[in-house]
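Enquirer: Got a structure here, written out as structure tokens. Questions coming.
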Amino acid sequence: MSKQRRALVVMAHPDDIDFWGVGTVMTWVRQGWNVTYALVTDGGVGGKKGIGLVRRQEQLAAAELAGVSDVRFLDGFEDGQVAVTQELVKQLCRTIRQVQPIRVLTQSPTRNWSDIRLSHPDHLAVGDAVARAVYPMARNPHAFPDLIQNEGLEPWIVKELWLQGDPEPNKVIDVTDTLPERELAVMAHVSQHPDLALARQRLLQDLAQCAAAAGLPDGHLAEAFHVVPVTY
């Protein structure tokens, strides 16, 4: 696969991409992009004891529905306790250099007061850490030199940073055609849906509101992002 068609999606928890961005991922896959998922935590406080393993399996199933076969879970980070640390930034740099994506999609580090669900503290921390990894750390040969010396991971320059849940989106993707698969991907996270009908209703409402705000015709569904070109 051409390096111009590689994308990396970094999220704090299983299901984060499926609630708010998987229609865009499906669109990319249909366009020929090779997409990798990296999850910082396994969502281990999202239910009863042992739920982390369940949520990993749910994410793998949802990723398969989206056409994503490369799903990675970072080590050492706990659900609900993610902070911006050098270790997190280093693991993200490692992942970026391994995958060599042109495009990285992650959560916005800017709090969105219009929808507090988007600004879980873990989301904000992951977005901040990814932004630091994208620029300047992953491209800097002097940052984490052991990644080069011990693992042979040379610096890599990401060209686009896509922020999910940002309060000031500047890019809207029409995902109407992905709805059947998108619903299945969301519903794959069974442990997180005590009321499946309500979850579906909220999903459709969110997507329809996004489309309407962007001026798309009635009946269309959309996802919104703030896209930052990393041109330096």
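Each value in this text was obtained by applying a stated rule to the coordinates, not by laboratory testing. Remember, predicted model here, so these are calculated numbers, not experimental data. In this analysis, Cβ positions are derived from the backbone assuming ideal geometry, glycine residues included, and neighbour counts consider all displayed protein chains.
Enquirer: Calculate, for residue 30 and residue 202, the FRET efficiency according to 1/(1 + (r/R0)^6) with r their C-beta to C-beta distance and R0 25 Å; round to the nearest 0.05.
Expert: On the way: r = 25 Å, r/R0 = 1.01.
With R0 = 25 Å, the Cβ-Cβ based efficiency is 0.50.
Enquirer: Based on Cβ point charges of +1 for Lys and Arg and -1 for Asp and Glu, what charge dipole magnitude is obtained for the chain about its Cα centre, in debye rounded to the nearest 20?
Expert: 500
Enquirer: Once you keep just the Cα pairs under 8 angstrom separated by 6 or more residues, what percentage relative contact order results for the range 3-229?
Expert: 24
Enquirer: Report, for the chain, the % of DSSP beta bridges that are antiparallel, rounded to 5.
Expert: Just about 35 percent of them are antiparallel.
Enquirer: Looking at the chain, which longest stretch skips every one of the GluC sites (Glu not before Pro) that is in a DSSP loop with at most 14 other Cβ atoms within 10 Å, leaving the sites themselves out?
Expert: 152-232
Enquirer: With runs of 4+ DSSP H residues as the only contributors, calculate the mean residue ellipticity of the chain at 222 nm using -39,500 (n - 2.57) per run, divided by the residue total and rounded to the nearest 500.
Expert: My calculation for the chain gives -11500 deg cm²/dmol from helical runs alone.
Enquirer: Right, another one. Which net charge results for the neighbourhood of residue 225, defined as the other residues with beta-carbon distances under 9 angstrom from its beta-carbon, given Lys and Arg at +1 and Asp and Glu at -1?
Expert: With Lys, Arg at +1 and Asp, Glu at -1, the net is -1.
Enquirer: Considering only 92, 196, 163, give the residue with the highest GNM mean-square fluctuation for the chain, with springs between Cα atoms whenever their separation is below 10 Å.
Expert: Result for the chain, Cα springs under 10 Å: 196 fluctuates most.
Enquirer: Any idea which of 91, 214, 192 is furthest toward the positive side of the dipole for the range 3-229, if Lys and Arg beta-carbons carry +1 and Asp and Glu beta-carbons -1?
Expert: After comparing all options, I get 91.
Enquirer: In a Gaussian network model over the chain where Cα atoms closer than 10 Å are linked, find which of 23, 44, 76 has the largest mean-square fluctuation.
Expert: Among 23, 44, 76, the largest mean-square fluctuation in the Gaussian network model of the chain belongs to 76.
Enquirer: Within the range 1-56, which trypsin sites (Lys or Arg not before Pro) sit in a loop by DSSP and count at most 13 neighbouring Cβ atoms inside 10 Å? Write out the running numbers ahead of the final one.
Expert: Values: sites: 3, 5, 6, 30, 48, 49, 55, 56; in loops: 48, 49.
Of the trypsin sites (Lys or Arg not before Pro), the ones in loops of the range 1-56 whose Cβ has at most 13 other Cβ atoms within 10 Å are 48, 49.
Enquirer: Further question on the same structure: Count charges around residue 83 for me, please; just the other residues with Cβ under 13 Å from its Cβ, Lys/Arg as +1, Asp/Glu as -1.
Expert: Summing Lys/Arg as +1 and Asp/Glu as -1 gives -4.
Enquirer: Could you please report the charge total around residue 204, scoring K, R as +1 and D, E as -1 over all other residues with beta-carbon less than 12 angstrom from its beta-carbon?
Expert: Charge balance near residue 204 sits at +1.
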